[in-house]
Amino acid sequence: MNETIENFGFPETLVREYEHWVILLRPAQPTLGSLVLAAKSDCTDFSALPAEAFAELATVTKAIEDALKGFVQYAKINYLMLMMVDPNVHFHVIPRYEGAREFRGTEYIDSGWPKVPDLGSAIALDCEAKTALRDAMKPLFA
């Protein structure tokens, strides 16, 4: 796996692996169910990905949206391709909703709703919370 994938906690954060992509639990959760969708390629330019990765992206995004719709009942979903610190192609997937969602006694508020996501208000998950959330999400992608 590339450096970016490892920086987001792979393999501990792995939710689902595809041929060209991995879905990782985002270790800092600006909203409940936030993910990282990362290309397994070493590419640092989106346009440099192979055509097969773009074709598979349709399947992967459909799986993400179906899973998160059931998990957090989002109103909107944001795919943010920031790539400012982590160089390899990846998206931050942020489900958006009004109000709060709760998971295992922790409340996750979409502080930026209905505007730009507030990544600075993300809840940093400890090891136990990260494992619990990842394990709750994995079956949604089976």
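Readers should treat all values here as calculations from the given coordinates under stated rules, not as data from a laboratory. Note that this is a predicted model, so its numbers are computed, not measured. Positions of Cβ are generated from backbone atoms using ideal geometry, with glycine treated the same way; all protein chains shown enter the neighbour counts.
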Of the GluC sites (Glu not before Pro) in segment 1-59, those whose Cβ has at most 16 other Cβ within 10 Å and which sit in DSSP loop: Glu12, Glu19
Two-site label geometry, Asp126 and Met81: point separation in nm, points 7 Å out along Cα→Cβ: 3.8 nm
Contact order normalised by residue count of the chain, Cα under 8 Å, 6+ apart, percent: 30 percent
Kirkwood Rh, Cα atoms: Rg over Rh of segment 1-47: 0.96
Lysine pairs in segment 62-142 with Cα atoms under 18 Å, if 8 or more residues apart or on separate chains: 5
Exposed-site-free run, longest, the chain (rule: trypsin sites (Lys or Arg not before Pro); DSSP loop; at most 16 other C-beta within 10 Å): 1-103
Alpha-carbon spread of the chain, three principal axes, descending order, Å: 41, 30, 27
Amide N of segment 24-56 lying under 19 Å from the label point, which is placed 7 angstrom from the Cα of Ala100 along Cα→Cβ: 29-34
Tail fraction, Cα-Cα pairs, segment 32-111, threshold 19 Å, whole percent: 43 percent
Simple spin-label estimate for Glu65 and Ala136 in nanometres, 7 Å along Cα-Cβ: 2.4 nm
Label-to-label distance, nm, for residues given as Ser47 and Glu19 (7 Å Cα→Cβ offset): 2.5 nm
